[in-house]
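What follows draws every value from the coordinates through simple rules; no lab data is involved. What you see is a predicted model, and the numbers here were worked out from it, not measured in a lab. Here Cβ is always computed from backbone atoms with ideal geometry, including for glycine, and neighbour counts include all displayed protein chains.
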Amino acid sequence: MKRNVLGVMTAIVAIAASAPAAQAQNPMTFGIAAGASIPMGDLGDDFAKTGWHGMATLGFMPSMLPFGMRIDGMYNSMSLEDALGDASIRIIGANANAIIAMPATVASPYLIGGIGMYNSKIDTDDPDLDFEGETDFGINIGIGTKFNLSGFGTFAEIRYHNIFSEGSSTQFLPITFGIMF
């Protein structure tokens with residue numbers, strides 16, 4: 001009887017001790033991020049100024065593999081120079097990305113890239129100017145690094161986005177800092 005109780009107690013202690021390690025190896029992550037959005041190409045040359053963005057992300061990164069997947073939803077806003085008065089362009093996007101991680105150290109670098117759908121719209125204060133939103137296909141590619149902190153992780157990344165619009169393309173470069181849970 002004492003052996004059974006001792007065995008059960010040992011099993012309970014082993015399970016309790018391994019719970020934090022199992023949680024740390026959870027392949028699913030959720031994150032939020034924000035940063036600067038820099039217009040490029042025609043968008044930057046013509047009229048847009050550096051703006052801001054916010055992002056929510058859901059990732060899957062198996063612990064034994066150097067690659068994973070991440071789905072991002074983002075909102076970008078960039079002001080327009082005097083072309084339309086007080087106006088801005090907003091870009092809402094959803095991306096499916098592949099991630100290739102480098103060997104883990106204090107800072108774990110990674111490559112990220114994928115495809116997505118983007119909705120672009122020009123917002124103005126003038127009710128006479130009515131711009132319809134446009135949804136287009138696009139791609140993105142970038143680099144980043146992850147830093148683990150107590151209880152959560154942080155990441156910093158820079159990605160190039162190219163939206164294939166009818167007759168032209170829209171390009172911008174978000175610089176992002178976020179936290180992962």
Estimated FRET transfer efficiency when R0 is 22 angstrom, pair ALA94-PHE67 (beta carbons, to 0.05): 0.60
Set the Förster radius R0 to 30 Å, insert the Cβ-Cβ distance between ALA107 and SER79 as r into 1/(1 + (r/R0)^6), and round the FRET efficiency to 0.05. 0.35
So PHE137 and GLU166, fully extended at 0.36 nm per residue minus their Cα-Cα distance, gain in nm 9.4 nm
The simple spin-label model distance between ASP45 and PHE30, using points 7 Å out along Cα→Cβ, in nm, is 4.3
Summed side-chain charge close to ILE92 - residues other than ILE92 whose Cβ falls under 15 Å, Lys, Arg +1, Asp, Glu -1: -3
Considering the Cα trace of region 28-180, what is its radius of gyration and what is Dmax, both in angstroms? 16.6, 57
Region 28-180, relative contact order [Cα under 8 Å, separation at least 6], %: 23
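On full extension of the chain, what length is gained from THR154 through TRP52, given 0.36 nm per residue of separation minus the C-alpha to C-alpha distance? Present the calculation step by step, with values, prior to reporting the outcome.
On the way: separation 102, 0.36 × 102 = 36.72 nm, distance 1.88 nm.
Result: 34.8 nm gained on full extension.
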